[in-house]
Amino acid sequence: MDLMRTLLPAILCYLCISLGGAQTVLLNNMYGIVHSPNFPEPYPKEREIQWNISVPDGYQIRLYFMHFDIEPSYLCEYDYVKVYSETEELAVFCGRESTDTELVPADEVLLSPGNVLSVAFRSDFSNEERYSGFEAHYSAVDIDECRDKNDEDLACDHFCHNHIGGYYCSCRYGYQLHSDNRTCKVECSDSVFTEHSGQFTSADFPKPYPKSSDCLYRIELEKGFLVNLEFDDSFDIEDHPEVMCPYDHIKVQAGDRELGPFCGDRSPGRIQTESNIVNILFHSDNSGENLGWKITYTATSSECPVPIVPPNGHLEPLQSQYFFKEHITVTCDPGYTLQKDGEKFEHFQIQCQTDGAWSSSAPICEKKESRRSRSSVASVPTDPIMH
Ligand SMILES: *[C@@H]1O[C@H](CO)[C@@H](O)[C@H](O)[C@H]1NC(C)=O
Ligand SMILES: *[C@@H]1O[C@H](CO)[C@@H](O)[C@H](O)[C@H]1NC(C)=O
Ligand SMILES: [Ca+2]
Ligand SMILES: [Ca+2]
Ligand SMILES: [Ca+2]
């Protein structure tokens, strides 16, 4: 008999291909029963049946055997019931009770990893006794995604709500669910800073910044002022050892210059933007826990060169530095009068402009002329004062 067992399968296999192989039964109910042919009567020999069970997404399939009696054989070579899910074999059963080499399902409950499960039954060309076969019950069970999705890339960012057949994510107050339905983003593009100094940080700093967010921070000062940025030493943006900032990054746009992207844990430090309008763009992807950044900004204004004091004249106020919007009044010693381009002035004022130049060059002080002409100059107060 044993010799026959080893020889015949080779011959039979030739036949089974020509007979079209196994029969497949497709099942897509939420629950049901599968059993061996003729159950509860003994099963016939030379049968191969496969039940493909599928349930909707969001469910798993639970399978348990209410009856099991299949011809025992070493490693279930002869007759067997196999349970598998797509390509993964979950179990092979045969016999009447478990041994070192064969297993029976007993009261084991099998659970499919996904929403499909296949049960295959095979009987070989002989049965040494009458075996009553098997009967199993299957049912769709909800996957508790909130409990099972441990993978950071799949789990909900903030809150997870399981329900029958699915689940959904929600976010803490102040956040919005991203269109990936999983991560929580923040609205962070409505900041415009117009003060001459200030401070801002990534949202939630120094706690990890929100995912899936694109933020725009704008510093907008009057012309003539230049923005200086100072990144705090505490700087942490998700990076990559080889690729330049592929996940999260911060960029600085100043005039037609773009600085960055910056990421990693080394602060970019101090940046003199040389512009009065600066945009800071921050992008975060849908994963990672990094602590973010903090920027303090200040403004310097355009500086005008210190003018040369005209001989016999004075500058008021006299400073070592002059910046945008500052004025200087030029006056002359008694007995001298202001003159510029052939015109005389009672007093004269110059202003430091946005481009770091004075509004005009300083006049000179010229000695007043003869008494006569001085008296004619003395009548000047009726003239309009010129600037
Ligand atoms: C039944 O399921 C198996 C395993 O997933 C698959 O290989 C086979 O193609 C399926 N058969 C049919 C007819 O769908
Ligand atoms: C997110 O959920 C909406 C509504 O439930 C759905 O239409 C959309 O396809 C989902 N998006 C993704 C990426 O799963
Ligand atoms: Ca058999
Ligand atoms: Ca669910
Ligand atoms: Ca990230």
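The values are calculated or read from the model by the stated rules, or taken from the named source; none is laboratory data. These numbers come from a predicted model, not from an experiment. Every residue, glycine as well, gets a Cβ built from its backbone with ideal geometry; the counts of neighbours run over all protein chains shown.
Would you confirm, using the coordinates I've provided, whether Ser123 is in contact with a Lys or Arg (Cβ under 9 Å, 6 or more places away or on another chain), more than 16 Å from ligand 4 (Cβ to nearest atom) and at pLDDT 95 or above? Yes; evaluated as a whole, the condition is true for this residue.
Among the residues making up region 246-297, those that are under 19 Å from Asp190 (Cα atoms) and not in a strand (DSSP E or B) are Asn276, Ser284, Trp293.
Do you know which residues across region 150-181 are buried (at least 18 other Cβ atoms within 10 Å of the Cβ) and either farther than 25 Å from Gly114 by Cβ or without any contact (Cβ under 8 Å) to a residue 24 or more places away in the chain (or both)? Scanning region 150-181 gives Cys169, Cys171, Tyr175, Leu177, His178.
In region 283-294, the residues that are in the same structural domain as Phe262 (by TED's automatic domain parsing) reach residues that are among the polar types (S, T, N, Q) and loosely packed, with under 15 Cβ neighbours inside 10 Å with C-beta atoms within less than 9 angstrom, at least six apart or across chains, in these pairs: Leu291/Ser234; Gly292/Ser234; Trp293/Ser234; Lys294/Gln199; Lys294/Ser234. In this structure, Arg130 does not satisfy being part of a loop (DSSP other than H, G, I, E, B), in contact (Cβ under 8 Å) with a residue 12 or more places away in the chain, of a type outside the set (Asp, Glu) and not assigned by TED's automatic domain parsing to the domain that holds Thr87. Under the condition of being closer than 27 Å to Ser302 by Cβ, among the charged types (D, E, K, R) and crowded, with 19+ Cβ neighbours inside 10 Å, the residues counted in region 245-289 number 0. For region 121-128, the condition of being buried (at least 18 other Cβ atoms within 10 Å of the Cβ), more than 42 Å from the chain's Cα centre (by Cα) and among the basic types (Lys, Arg) holds for at least one residue.
Taken together, the residues in region 66-106 that are basic (Lys, Arg) and buried (at least 17 other Cβ atoms within 10 Å of the Cβ) amount to 1. For region 197-235, taking the residues that are in contact with a Cys (Cβ under 8 Å, 6 or more places away or on another chain) and polar (S, T, N, Q), the one that is farthest from ligand 5 (Cβ to nearest atom) is identified as Ser202.
Just to check your reading of the model, which residue among Glu97, Glu102 is acidic (Asp, Glu), farther than 25 Å from Pro56 by Cβ and touching a strand residue (DSSP E or B) at 6+ places or on another chain (Cβ under 6 Å)?
Numbers: Glu97 fails: touching a strand residue (DSSP E or B) at 6+ places or on another chain (Cβ under 6 Å).
Sole residue among the options that is acidic (Asp, Glu), farther than 25 Å from Pro56 by Cβ and touching a strand residue (DSSP E or B) at 6+ places or on another chain (Cβ under 6 Å): Glu102.
Note on region 298-333: residues that are in contact with an Asp or Glu (Cβ under 7 Å, 6 or more places away or on another chain) and part of a loop (DSSP other than H, G, I, E, B) total 3.
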